[in-house]
Amino acid sequence: MATTTDTSTTRGPYRQLVGGEWLPGSDGSYEIINPATEEVVAEAPEASTDDVRAAAAAAAEAFPAWSRTDPRERAALLEAAGKRLAERTPELIPLVIAEAGATSSVGSLMQIPVAISRFDRYARGALTDLARPLPPQPIATTPLAPGALMGGVANRVPVGVVACISPYNFPTTNMVGKIAPALAVGCTVVMKPAPQDPLCVIELAKILDEVGFPKGVVNIVTGAKPEVGAALVDDDNVDMVSFTGSTTVGIKIMEAGARTMKRQLQELGGKGACVVCEDADLDKAVSGIASVWGFHTGQICTAPTRVIVHRSRYDELVSRLAEAAKALKVGDPLEADTVVGPVISGVQRDRILGHIENGVKEGAELVVDGRDPGFDKGYWVGPTLLAGCDNAMSPVREEIFGPVVVVVPFDDEDEAIRIANDSDYGLFSYVFSEETPRAFELAKQIRSGRVAINTVQTHHEAPFGGFKLSGVGRDGGDYGLEAYTELQAVIWPA
Ligand code: NAD
C-alpha cells in the first residue's frame, strides 16, 4: 500500500540525555520502522549497560538538590515544558504518526495534547501539600519515656530516582504520565521508552533540557534490546520502577526489583470485561465497544474487548457490532477519515492473527474477519468480531492488544459477574445498563481497578491501576503524586 506518511519531521541523529550531555548509544543505533509503510523513520541510539549505569548515577547525583528545590520552581519548569510541547505539537504529531502508526485523529487528539495537559496538571500538583496531620495522642509513661501528648504528621517525601519504562502504544502520553508527577514531588528520572517508537520521547527530553531542568534531573536511554530496561531495574541507584507494559515483563521486573526492594508502580495488561445488561442502551454499548477497533487499532490496555451480553440482547448486539465494524475505514493513518491504522509491528500482527485463529479452532464464530485487509506493505489487522465464545476460549482469556472483540452470552447477573471476574486481569471494566443504581451495584462486584458505567470515557482525577495480573499501585490525579513518594512519619511531644 502506498501511504502519504510524511517523515520529514525527523530530526536525527537522535541521542540520549545522560547527566546533561547528549550522547550517542555506546552500542550503536537501530532502525525505527513506520508500521504503515515499513519505511525507516530514523535511527535511535542503542544504549550499553554502561550508558544505563551512567544515567542512573546522574539521576542519583541530581536527586538531593532537586528534591529540596522550592516546589514553585518545579511547578514553573513543568508548566514551561507543557508550553514548549504545545509549541512543538505541529511537528511532533507527524512524527508519532510515523513511528507509532497512530491515525491522524489519535495522533492529534490523544498522543501529544494529553501529554501537555499532564504537564499542566502536575505543575499544579507540585504545589499540593500531601502531608497529613495526625491528631494529638496522649501516651502514658513507660520505661521507654515519660508520658506525653504526642503530635505528628504523615509526610510524603520523594522516593528518589525513578526508572520510567513505558510501552509503545502511547509513547509520549504514557511517559509524561510518569515523569510529570515524579518530577513534581521532587524525584529525578531515567526514561526508557519502548524500542519501537522512542523518537517523540527523545524530543520530549530535548524539551525538558531546553526549558531548564537541571543537569541529571531528567535522563533518557533507549535501545532495541530488553537488556536496556533490565539493566535499569537492576541498578542500585534506582529507587523505584514505574513500569507500564505487558504482564509478562512486569513479573520479570517485580522479581528482579525484589533484590533491592525497589518500589514499584506496575500498570500491566488488561482484558476489559464489558457487561451489557438486558436493559442496556445498545447505541451507547455499540459505540463504546467499537472503540476497540477505532481507538489505536485496539492497542490499548483499557479497551472493552471482552463483551459479556445478556442472552436476550445477544443477536441484536452481535449484528449491530458487525455492522459497526464493517463501516470503519482501515488504511493510511494520515488520511483524515481513516479510523483503523496499522498495528505496531509484524510480530504484533502475527500474535493477533494467532489469537484469532485459536478462537476459530476452539469453536468461536468469526462474524467479522479482519485477518487480511489487503495491503502489500505495513502491519495490518482489520476489525474482527468473534462471537458465540465461552470463557474458556483462549482469545477470551488472553490479552490480544489488537482490533479484536470477543462476545460471551450470559443468562443472569450472577453469571455475568462470575464470567467478568473469571480472568487473570482486572484493569478497566464496563457495565451498560439504563438502571444506573443496579449498574453501580454490579460495578462494585467486578474485580477491576476501574469500572465505567454506560461510557468508555475516562476521568483524569480518578485512581488508575489494576487488580490481579493487571498491576500494582495507582496513579491518576493526586494518586499519581502519592505514587512517587515514601510515607514518612515525623512525631513530637505536643
Ligand atoms: P512490553 O512489556 O513488551 O514492553 C514495555 C517496556 O518494557 C518496553 O520499554 C520494553 O523495552 C521494556 N522491557 C522489556 N523487557 C524488559 C525487562 N526484562 N526489564 C525491563 N524492561 C523491559 O509491552 P509493549 O508491547 O510495549 O506494550 C503492550 C503492553 O502494555 C500490553 O500488555 C498492554 O496491556 C500494556 N499496557 C498497559 C497499560 C496500563 O496502563 N495498564 C497501558 C498501556 C499498555
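Restricting to region 207-222, give me the number of residues that are at negative phi and touching a strand residue (DSSP E or B) at 6+ places or on another chain (Cβ under 8 Å). Of the residues in region 207-222, 8 are at negative phi and touching a strand residue (DSSP E or B) at 6+ places or on another chain (Cβ under 8 Å).
Each row is one residue, and each column tells you yes or no for (1) aromatic (Phe, Trp, Tyr); (2) over 30 Å from Ala184 (Cβ atoms); (3) in the same structural domain as Gly363 (by TED's automatic domain parsing).
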residue: Asp411; (1), (2), (3): no, yes, yes
residue: Phe428; (1), (2), (3): yes, no, yes
residue: Gln445; (1), (2), (3): no, yes, yes
residue: Val456; (1), (2), (3): no, no, yes
residue: Asp475; (1), (2), (3): no, no, no
residue: Thr485; (1), (2), (3): no, no, no
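Of all the listed residues (Arg84, Arg74), the sole one being buried (at least 19 other Cβ atoms within 10 Å of the Cβ), in a helix (DSSP H, G or I) and basic (Lys, Arg) is Arg74. Considering only residues in region 437-473 that are more than 15 Å from Thr305 (Cα to Cα) and among the charged types (D, E, K, R), the one that is surrounded by the most Cβ atoms within 10 Å (Cβ to Cβ) turns out to be Arg447. Scanning region 228-246 for residues being within 7 Å of the ligand (Cβ to nearest atom) and among the small types (Gly, Ala, Ser) gives a total of 4. So in region 297-323, with the set limited to residues that are touching a residue at least 40 places away in the same chain (Cβ under 8 Å) and surrounded by fewer than 24 Cβ atoms within 10 Å (Cβ to Cβ), which one is farthest from the ligand (Cβ to nearest atom)? This residue is Arg311.
Residue pairs whose Cβ atoms lie under 6 Å apart, sitting 6 or more positions apart in sequence or on different chains, and linking a residue in region 474-491 that is under 9 Å from Pro181 (Cβ atoms) to a partner that is in a helix (DSSP H, G or I), are Asp475/Ala483; Gly480/Pro181; Leu481/Gly125; Leu481/Pro181; Leu481/Val185; Tyr484/Pro181; Tyr484/Ala182; Tyr484/Val185. Taking the criterion of being more than 20 Å from Tyr425 (Cβ to Cβ), outside any loop (DSSP other than H, G, I, E, B) and in contact with a Gly (Cβ under 8 Å, 6 or more places away or on another chain), the residues of region 230-251 that qualify are Val233, Met240, Val241. Condition first: crowded, with 21+ Cβ neighbours inside 10 Å, away from the ligand (no atom under 16 Å from the Cβ) and either of a type in the set (Gly, Ala, Ser) or not assigned by TED's automatic domain parsing to the domain that holds Pro94 (or both). Can you find one or more residues in region 150-162 that meet it? Among the residues of region 150-162, at least one is crowded, with 21+ Cβ neighbours inside 10 Å, away from the ligand (no atom under 16 Å from the Cβ) and either of a type in the set (Gly, Ala, Ser) or not assigned by TED's automatic domain parsing to the domain that holds Pro94 (or both), which makes the answer yes.
Yes or no: Gly216 of a type in the set (Gly, Ala, Ser), at pLDDT 95 or above, more than 10 Å from the ligand (Cβ to nearest atom) and more than 23 Å from Ala98 (Cβ to Cβ)?
yes
Residues that are among the aliphatic types (A, V, I, L, M) and under 25 Å from the mean Cα position of the chain (by Cα) were ranked within region 41-74; the one that is nearest to Arg15 (Cα to Cα) is Ala44. Among all residues of region 374-388, there is at least one that is more than 14 Å from Ala303 (Cα to Cα) and acidic (Asp, Glu). When Pro133 is tested against the conditions (1) outside any helix (DSSP H, G or I); (2) more than 24 Å from the chain's Cα centre (by Cα); (3) surrounded by 16 or more Cβ atoms within 10 Å (Cβ to Cβ), the lone failure is (3).
The values are calculated or read from the model by the stated rules, or taken from the named source; none is laboratory data. What you see is a predicted model; the values in this text were computed from it and never measured. Note: ideal-geometry Cβ built from the backbone for every residue, glycine included; neighbour counts use all protein chains shown.
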